[in-house]
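Worksheet: one structure, shown below.
The values are calculated or read from the model by the stated rules, or taken from the named source; none is laboratory data. On a predicted model such as this, the values are computed, not experimentally measured, just so you know. All Cβ positions, glycine included, derive from the backbone under ideal geometry; neighbour counts span all protein chains shown.
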Amino acid sequence: MKTGTIISYILAAIAIILSFLFILGSFSPDGSPSWLIVGIIGLLVGFALIYAGVRLAAKAKAEGDTVYNINLDLPGNVQMDTMKCLSCGSPLSPEDIKMVNGAPVVTCPSCGTTYNLTEEPKW
Ligand SMILES: [Zn+2]
């Protein structure tokens, strides 16, 4: 819950409560019929504030999801970018790496060089 969302809900609650009082008052003998219009406008404002609060909450949630996805995807992308053939420098894919006698061996698809992967693979 962001501060903007909470303020929206509080203002909406106040607007709706006051609107009901105005609508009730417009039907009482001491009240004025014009209070009914004030009450209806207040209700509309209240529901608009609730809508704004829901939108703010949804927006905050979407932003949170985006940040989470970026954090998840970034290590994989960085790892793929750094995987390059030691002989010709062409990019390697995980399919080019085979386990031979328990050691990762790279076979470059571009130049055909086969060599042991000195660094431990992350996957
Ligand atoms: Zn190569």
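Filter region 20-66 down to the residues that are among the charged types (D, E, K, R) and either in a helix (DSSP H, G or I) or touching a helix residue (DSSP H, G or I) at 6+ places or on another chain (Cβ under 9 Å) (or both), then identify the one that is modelled with the lowest pLDDT. Outline the logic, then answer.
Going through region 20-66, the residues among the charged types (D, E, K, R) turn out to be 30, 55, 59, 61, 63, 65.
Okay, now just the ones that are also either in a helix (DSSP H, G or I) or touching a helix residue (DSSP H, G or I) at 6+ places or on another chain (Cβ under 9 Å) (or both), so 55, 59, 61, 63, 65.
On the way: R55: 87, K59: 81, K61: 76, E63: 72, D65: 65.
Step by step, filter region 20-66, then rank; the result is D65.
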Check: So which pairs qualify, if the first residue must be in region 38-63 and closer than 9 Å to T5 by Cα, the second must be crowded, with 17+ Cβ neighbours inside 10 Å and β-branched (V, I, T), the Cβ gap must be under 6 Å, and the two must be at least 6 apart or on different chains?
Finding: G53/T5; L56/T5; A57/T5
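Kindly indicate which of L74, L86 is exposed (fewer than 12 other Cβ atoms within 10 Å of the Cβ) and at pLDDT below 85. Before you say what the answer is, go through the steps one by one.
Numbers: L86 fails: exposed (fewer than 12 other Cβ atoms within 10 Å of the Cβ).
Selected residue: L74, the only one of L74, L86 that is exposed (fewer than 12 other Cβ atoms within 10 Å of the Cβ) and at pLDDT below 85.
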